[in-house]
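Participant: Mind having a look at this structure? Questions to follow.
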Number of protein chains: 2
Amino acid sequence: MIETTKQQLVSAASRLLDAGGQEAVTLRAVGERVGVSHNAPYRHFSGRGALLGAVAKRDFNMLKQAFDDQNSANDSPEAALRGSAAALIAYGIEHKARYRLLFSDPQLPSDAILKEAAFDSFKAFSGIVARCQQHGALPDVDTVSLTGVIYATIHGAIDLEISGRASGAKGLGSVEATASLLFDLLRNHGATGYSATRPTLAIE
Amino acid sequence: MIETTKQQLVSAASRLLDAGGQEAVTLRAVGERVGVSHNAPYRHFSGRGALLGAVAKRDFNMLKQAFDDQNSANDSPEAALRGSAAALIAYGIEHKARYRLLFSDPQLPSDAILKEAAFDSFKAFSGIVARCQQHGALPDVDTVSLTGVIYATIHGAIDLEISGRASGAKGLGSVEATASLLFDLLRNHGATGYSATRPTLAIE
DNA sequence: ACCTGAACACCGTTCAAGT
DNA sequence: ACCTGAACACCGTTCAAGT
C-alpha cells in the first residue's frame, strides 16, 4: 500500500511535528522529506494550515478508534473509561506537538470535516461516560456536562504536563494520577487499586 | 508614574497579544508602538522570547494578587475558591493570547524568576483549596493532588474554550458551568445556587 | 493535473556605527 | 548606556512557466 503524494505530505508533517514541534513544520522541510519542491504542497492543500488540518483529522480518527476499541475490549465501563483516558494521555505524552495541534491550537483552521472528526472522537468518549453512569460508577448528572468536566480535567492535566507547567516544584503527580484521582473522587472517595486494560494505539 | 522604555515594551507586547494574538507580537510592531526601532528591544531583553517572558511574569503576579484578594474578601472558603476560579476564567476569556502564553505555551522560556512567579500564583490558589478542605467543603485528600485536579479542570475548560474546541456542537456549557459542576460534585452532589464574590482584576 | 524556480513581503537576529 | 540602519538567513505565499 503505497501512499499518494498527498498522504506522504501528511505523514511527513506528522513526523516533523514529533521531531521538532510546530516550528519545524516548514513547507520546505515537508517538501524535502517527500522529495518535492517547497511549494508542491500547494497543489494538494490551500496552504500550511490546511496541511496541519489534515494531520489533525487523521489523528482525531485514530483517537476515536482507540476509544471504540477500549469500549469493546472492556466489559467493565469503568475499565473502558480509564483505558480511554490512558490512551489519550499516552498520545499526548508521546506526540506533544500533535496533541496540541488537535486540542489546543487556536490557529488550526477547522472546516466542517475536521470539526466532525473532532466531534466523533468526543462522542465515542462521551458514550463511555454514559455507560459508567448506567453502572453507577459515575454520578447521575447530565452526561454531556459530566463528560465536559472529565474531558477538561484530562486535557488540562495533559496540557500542563506537555507545556512544562507541571514540572515545576509544584509537587503535582503524573497525569495518570490526576485523572485517577478525579475518577476516585467522582465515585465518592472510593479509592481503589483499579487497573484498566493497557491501551494500544495504532499511531506511528 | 511614567513607564521606563523597558516597561513600555512589556505593555506594548501585552496589548498586541490582546489585539492580534502571538503572531501579532513582532519586534517591529512592538518597537513602533513604543516609538523605537525594531531592534531596540535587544537592549532590554535577550530576544522576543524574553520579552514575552516578562509579560508572563507581570501577569502571574497580578493573578496571585487576585487570588489573595479573593482569599481576604471572602469569609467563606468556598466563596474564595469559586471567586478565584471566576477571576482566572475571566482573565482567560478576556486575554486569550496572554492566558495561553502563561499556561500553555511550550516555547515560553522560563527562567528561575518566571518559574517562581508561576509557582507563587499556584501556591495562593492551593492555600484556598486547603482552607476549603478544613471547612469540609472539599474532600480530605492530599491537598496538592486535589489542587492538581481542580487546577487541571479549570485550565482544561478555559483552554478548550479559548482555542475554540468547546464551540463545536458538543453541547458543553460555559467554562463557569464546568468549574461549578466540579465543585458541586466534589461536595458529594450537593448542588447549590451558590454565588461567589464578583472578582475584580487589576489588568488593563 | 502536477510540479518547479524565481520572486516578494515579512520575520528574528546580528553587527557596525552613532550619541 | 541606549539606540539606529543595513544586512542576513529564513519563512509562507504567489506566479509564470514547464510536462
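The values are calculated or read from the model by the stated rules, or taken from the named source; none is laboratory data. Keep in mind the model is a prediction, meaning the values are calculated, not measured. Cβ placement follows ideal geometry from the backbone for every residue including glycine, while neighbour counts extend to all protein chains displayed.
Participant: Basic (Lys, Arg), more than 30 Å from B:Ala85 (Cα to Cα), at pLDDT 95 or above and out of contact with any helix residue (DSSP H, G or I) (no Cβ under 7 Å at 6 or more places or on another chain), is that true of B:Arg48?
Facilitator: Here the answer is no, as B:Arg48 does not meet what is asked.
Participant: Can you find even one residue in region B:74-88 that is part of a helix (DSSP H, G or I), within 14 Å of chain A (Cβ to nearest Cβ) and either within 16 Å of DNA strand D (Cβ to nearest atom) or not polar (S, T, N, Q) (or both)?
Facilitator: Scanning region B:74-88 turns up at least one residue that is part of a helix (DSSP H, G or I), within 14 Å of chain A (Cβ to nearest Cβ) and either within 16 Å of DNA strand D (Cβ to nearest atom) or not polar (S, T, N, Q) (or both).
Participant: Pick out the one residue from A:Arg28, A:Arg33 that is without any contact (Cβ under 8 Å) to a residue 12 or more places away in the chain and over 15 Å from A:Val55 (Cα atoms).
Facilitator: Just one listed residue meets the conditions, A:Arg28.
Participant: Could you tell me whether region A:147-169 includes any residue that is within 19 Å of B:Ser174 (Cα to Cα), within 10 Å of chain B (Cβ to nearest Cβ) and either of a type in the set (Asp, Glu) or in a loop (DSSP other than H, G, I, E, B) (or both)?
Facilitator: no
Participant: Any chance region B:7-22 includes a residue that's part of a loop (DSSP other than H, G, I, E, B) and either among the charged types (D, E, K, R) or within 20 Å of B:Leu114 (Cβ to Cβ) (or both)?
Facilitator: Within region B:7-22 (the criterion being part of a loop (DSSP other than H, G, I, E, B) and either among the charged types (D, E, K, R) or within 20 Å of B:Leu114 (Cβ to Cβ) (or both)), the answer is no, since none of the residues qualifies.
Participant: Something else now. Could you please find all residues in region A:23-43 being buried (at least 17 other Cβ atoms within 10 Å of the Cβ), closer than 26 Å to B:Gln107 by Cβ and of a type outside the set (Gly, Ala, Ser)?
Facilitator: Residues satisfying the conditions are A:Val25, A:Leu27, A:Val30, A:Pro41.
Participant: Tell me which of these B:Met1 doesn't satisfy, since it passes every other one: (1) away from DNA strand D (no atom under 14 Å from the Cβ); (2) modelled with pLDDT of 95 or more; (3) away from chain A (no Cβ under 14 Å).
Facilitator: Just one mismatch for B:Met1, condition (2).
Participant: Same structure, new question: Could you tell me which numbered condition B:Asp68 fails, if it satisfies all but one of (1) more than 14 Å from DNA strand C (Cβ to nearest atom); (2) within 13 Å of chain A (Cβ to nearest Cβ); (3) not in a loop (DSSP other than H, G, I, E, B); (4) not hydrophobic (A, V, I, L, M, F, W, C)?
Facilitator: The number of the failed condition is (2).
Participant: Hey, B:Ser46 hits all of (1) without any contact (Cβ under 8 Å) to a residue 12 or more places away in the chain; (2) crowded, with 20+ Cβ neighbours inside 10 Å but one; which does it fall short on?
Facilitator: Of everything listed in (1) without any contact (Cβ under 8 Å) to a residue 12 or more places away in the chain; (2) crowded, with 20+ Cβ neighbours inside 10 Å, B:Ser46 misses just condition (2).
Participant: Next question, about the same structure. For residues that are more than 14 Å from chain B (Cβ to nearest Cβ) and away from DNA strand C (no atom under 14 Å from the Cβ), tally how many sit in region A:12-24.
Facilitator: Keep residues of region A:12-24 that are more than 14 Å from chain B (Cβ to nearest Cβ), which gives A:12-16, A:19.
Within this subset, residues satisfying the condition of being away from DNA strand C (no atom under 14 Å from the Cβ) are A:13-16, A:19.
Within region A:12-24, residues that are more than 14 Å from chain B (Cβ to nearest Cβ) and away from DNA strand C (no atom under 14 Å from the Cβ) number 5.
Participant: Confirm whether A:Glu32 is modelled with pLDDT of 95 or more, assigned to a helix (DSSP H, G or I), within 12 Å of another protein chain (Cβ to nearest Cβ) and within 16 Å of DNA strand C (Cβ to nearest atom).
Facilitator: no
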